[in-house]
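In what follows, a single structure is set out as structure tokens and then discussed.
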Amino acid sequence: MKHLCLKCDGYLNYEGQEDMEGSLGIIFRCPGCGYRTAMVTNPAETHLVHSMGIRIGSGSLEHAPLELTRATLDEGKVTDIEWTEEAESRLENIPPFARPMVKTGIEKLAMEKGYKKITSEVMDEARERFM
Ligand SMILES: [Zn+2]
């Protein structure tokens, strides 16, 4: 995911992360005009992200976005698992930056268990395991 600065028509750079009273703030900055923006997770999402072993912004600032990309690529095996509409809409509640990884985590669990379809129940199971 990228943030676009509408003023400069350019992409914002990842600047760093901040702990905001138990929430995780991911800070982006526009190299053109200095505009800054933050995505803030709620505590449950922060916990979910941490507990799934997703590393955000660890290491140097420059490498952080690559770590995310690498994690996504490593984990991003193509599966033929189907998602029910209900499960998909629950996935929509997860912050966009974490969604692909959460999705992969759930699909991994489903594959381990031999499920062919991600349902709301499978998501509950994944949640219990990861949280
Ligand atoms: Zn700008």
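Okay, here's what the table says:
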{"read-out": "Hits in the stretch 91-131 - residues which are among the basic types (Lys, Arg), out of contact with any strand residue (DSSP E or B) (no Cβ under 8 Å at 6 or more places or on another chain) and surrounded by fewer than 18 Cβ atoms within 10 Å (Cβ to Cβ)", "value": "ARG99, LYS108, LYS113, ARG127, ARG129"}
{"read-out": "Selection count where residues are within 16 Å of the ligand (Cβ to nearest atom) and modelled with pLDDT under 85, scope the stretch 16-36", "value": "0"}
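The values are calculated or read from the model by the stated rules, or taken from the named source; none is laboratory data. A quick note: this is a predicted structure, and the numbers were derived from the prediction, not measured. No Cβ is skipped: glycine too gets one built from the backbone with ideal geometry, and neighbour counts run over all protein chains shown.
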